[in-house]
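Undergrad: This is the structure I have questions about; it appears just below.
The values are calculated or read from the model by the stated rules, or taken from the named source; none is laboratory data. Computed from a predicted model, the values in this text were never measured in an experiment. Heads up, the Cβs are rebuilt from the backbone with ideal geometry, glycines too, and the neighbour counts pull from every protein chain shown. The area values use the complete protein model at the heavy-atom level, side chains included, leaving out ligands, DNA and RNA. Shrake-Rupley method; radii C 1.70, N 1.55, O 1.52, S 1.80 Å.
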Amino acid sequence: MIEPVDFRNGLIIEYEGAPYKILWFQNHKTAMSHAIMRVKFQNLYTGSILERTFKQADRFKEVIPTKRKTQYLYDDAEGLHFMDLETFEQTSYPKEKLGEMAKFLSENLEVEALYLDDKFLSISLPASVELKVSSTVPGVKGDSVSNMMKPATLESGIEVNVPLFVKEGDTIKVDTRSGEYLSRV
């Protein structure tokens, strides 16, 4: 059994009969009360996000999904399409359930698919992905003390701040956890 003290980002627990993935948590203690854990987590069946508080005495069952290497193929009106790299079986998944993670997907990207009882739950993105800059304003370097940044729109539609030397057509590496620029490839 898992206690709220053992929570970490990405942990999957069973709550109210469904698997939930912890997105964010904070231990909160005031002078006159017991410590509580504030948690933001996502239902892996429906994609809905909940925010709850738990006492230190609460207990949860840890859910351990099976992981399989999967390749993202494309998206259309039905959803996002993935192919299992072992069985070559294709699976469709609603774009709304992935939320912000869908913006980091590019064709032929290998991800880990999470399965629970042979049911496709979600995906786990790599720590960073390489995306091409589709549009950005020209950077003009002036007198500056610190690193200057400018907005850039990537091929997947996500907007990130990049250094002034990055131009349209460049491929950059983006952190999938924070959505920040890491380096130019």
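Undergrad: Over the chain, average the accessible area per residue using a 1.4 Å probe and give it in Å², no decimals.
TA: 61
Undergrad: Please report how many Lys pairs in region 108-185 have alpha carbons closer than 22 angstrom, counting only residues at least 8 apart along the chain or sitting on separate chains.
TA: Close lysine pairs under the 22 Å cut-off: 7.
Undergrad: By how many nm would the segment from ASN27 to LYS119 lengthen if fully extended, with 0.36 nm per residue of separation less the alpha-carbon distance?
TA: Full extension of this stretch gives 29.9 nm more.
Undergrad: If you don't mind, there's one more thing I want to ask. Quick one: putting +1 on the C-beta of Lys and Arg, -1 on the C-beta of Asp and Glu, what dipole do you get for region 106-185 around its Cα centre, in Debye to the nearest 20?
TA: 400
Undergrad: Write down the radius of gyration of region 74-174 and its Dmax, each obtained from C-alpha positions, in Å.
TA: 17.1, 59
Undergrad: Quick one: dipole size for region 44-185, taken about the Cα centre, charges +1 on Lys/Arg Cβ and -1 on Asp/Glu Cβ, in debye to the nearest 20.
TA: In debye, rounded to 20, region 44-185 gives about 540.
Undergrad: Once both labels are modelled 7 Å past Cα along the beta-carbon direction, what's the LYS69-GLN56 spacing in nm?
TA: Once both label points are built, they end up 4.5 nm from each other.
Undergrad: A further question follows. Using a simple charge model, +1 on the beta-carbon of Lys and Arg, -1 on the beta-carbon of Asp and Glu, nothing else, what dipole does region 1-117 show about its Cα centre, in debye to the nearest 20? Walk me through the intermediate numbers first.
TA: Values: 15 positive and 19 negative charges, 158 e Å.
So the magnitude is around 760 debye.
Undergrad: Candidates [x] 10.8; [y] 12.2; [z] 14.2; which is the computed mean projected area of the Cα convex hull in nm²?
TA: The calculated read-out lines up with [z].
Undergrad: Something else: What residues from region 40-84 fall in the zone where the backbone N is under 13 Å from a label point 7 Å along the Cα-to-C-beta line of HIS34?
TA: 54-59
Undergrad: Which trypsin sites (Lys or Arg not before Pro) in region 1-53 pass both tests, a DSSP loop state and at most 14 other beta-carbon atoms within 10 Å?
TA: In loop regions of region 1-53 (DSSP not H, G, I, E or B), the sparsely surrounded trypsin sites (Lys or Arg not before Pro) are ARG8, LYS29.
Undergrad: From the helices alone, meaning DSSP H stretches of at least four residues, give me the mean residue ellipticity at 222 nm for the chain, per-run term -39500 (n - 2.57), in deg cm²/dmol to the nearest 500.
TA: Rounded to the nearest 500, the figure is -500 deg cm²/dmol.
Undergrad: For the ranges 72-81, 125-134, what's the packing order if you count other beta-carbon atoms within 10 Å of each residue, average per peptide, and put the highest first?
TA: In decreasing order of mean packing, 72-81, 125-134 become 125-134, 72-81.
Undergrad: I'd like the FRET efficiency for LYS173 and GLU3, computed as 1/(1 + (r/R0)^6) with the beta carbon distance as r and R0 of 35 Å, rounded to 0.05. If you can, show how the numbers build up before the last one.
TA: Details: r = 37 Å, r/R0 = 1.05.
So the FRET efficiency works out to roughly 0.45.
Undergrad: Could I ask something else about it? Calculate what fraction, in whole %, of the accessible area of region 32-185 sits on carbon and sulfur atoms when a 1.4 Å probe is rolled over the protein chains. Write out the running numbers ahead of the final one.
TA: Numbers: 4520 of 9360 Å².
Within region 32-185, the accessible surface is 48 percent carbon and sulfur.
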